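This structure is in structure tokens; I'll ask about it shortly.
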Amino acid sequence: MTDAVDLIGEQWRKECPELADALEAMEIFGRVQRMRRVCDQHFKKLSDEFGLNLGEFDMIFTLRRSGPPYTLTAGAFVKAAMVTAGAVTNRLDRLEGKGLIERVRESSDRRSVQIRLTERGRTLAVEALAAHLRDYAEILSPLDPQEREQVSSGLRKILTAQGDTALG
């Protein structure tokens, strides 16, 4: 089985045989970049289907997986999302406008704001997650379970070596 990255690699091996040993890394990263496009297409489809952008999905999925009462502080989102407080506020405003979250102020401290999924938000999160996972299963369908584990294990090693060990 040959893909476009193989063809690019063959061209470079012909033109620069002295770099042939180093081309494997380029081929891996080339495939990672192409997979990013596959993921982008998937999220575009998901966005069209459910009317949310990637940041909004991240927020409702984060709330849903947090468990009952599906509530987090606004500050927790700023840390988890690795975006500015303003970006989080904009996402929350959009989600609130769609009836998917509500802001709940603590009676003892009006500055403390809890973000809670509404019933509609919980339902949409589960429906969107199911669609998301079906699409991912389809994308990964050419791989058998052992190949999936090899890919996952290899990517995990690379990411942890780069310091990517936290949520966000």
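What follows draws every value from the coordinates through simple rules; no lab data is involved. Quick caveat: nothing in here was measured; it's all calculated off a predicted structure. Neighbour counts are summed over all protein chains in view; Cβ atoms, including those assigned to glycine, are modelled from backbone coordinates with ideal geometry.
About the Cα centre, and with charges only on the beta carbon of Lys, Arg (+1) and Asp, Glu (-1), how big is the dipole of the range 21-168? Nearest 20 debye, please.
For this selection, approximately 580 debye.
List the aspartates and glutamates whose alpha-carbon lies under 18 Å from that of K98, not counting same-chain residues fewer than 8 positions away?
Within the straight-line limit of under 18 Å, K98 reaches these aspartates and glutamates: D48, E49, E56, D58, E119, E127.
Continuing with this model, one more query. If you take the beta carbon distance between L133 and L7 as r and set R0 to 45 Å, what does 1/(1 + (r/R0)^6) give as a FRET efficiency, to the nearest 0.05?
0.90
Sticking with this one: Work from the charge dipole of the range 1-112 (Cβ charges, +1 for Lys and Arg, -1 for Asp and Glu, about the Cα centre) and give the residue of V5, C16, F57 farthest towards its positive end.
F57
Can I ask one more? Can you give the net charge of the other residues whose Cβ lies under 13 Å from the Cβ of R156, counting K and R as +1 and D and E as -1?
Within the 13 Å Cβ shell, the charges total 0.
Can you compute the FRET efficiency between V78 and V126 using 1/(1 + (r/R0)^6), with r the Cβ-Cβ distance and R0 = 30 Å? Round to the nearest 0.05.
0.75
Label 7 Å along Cα→Cβ of Q162; the range 4-30 residues with amide nitrogen under 19 Å?
Under cut-off, by backbone N: 23-30.
Roughly how far apart, in whole Å, are the Cα centres of the range 63-94 and the range 130-168?
The range 63-94 and the range 130-168 have Cα centres spaced 24 Å from each other.
Could I ask something else about it? Under a point-charge model restricted to the Cβ atoms of Lys and Arg (+1) and Asp and Glu (-1), what is the dipole moment magnitude of the range 35-104 relative to its Cα centre, in debye to the nearest 20?
Its charge dipole is roughly 200 debye.
Would you list which aspartates and glutamates come within 12 Å of K45, measuring only between C-alpha atoms, while excluding same-chain residues fewer than 8 positions from it?
D135
For labels at F61 and M26 in the simple 7 Å Cα→Cβ model, what's the distance in nm?
About 3.3 nm, to one decimal.
Identify, among A130, L143, I28, the residue whose Cα sits farthest towards the positive end of the charge dipole of the range 11-168, taking +1 on the Cβ of Lys and Arg and -1 on the Cβ of Asp and Glu, with the dipole about the Cα centre.
A130
Taking the Cα of N53, stepping 7 Å toward and past its beta carbon, and measuring to each backbone N in the range 62-91: which are under 19 Å?
62-63, 77-91
Can you tell me the order of 65-75, 92-102 when each peptide is scored by its average per-residue count of other Cβ atoms within 10 angstrom, highest first?
Going from most to least packed, we get 92-102, 65-75.
Further, regarding this structure: Along the Cα→Cβ direction, 7 angstrom out, place labels at R116 and L19. What is the inter-label distance in nm?
5.8
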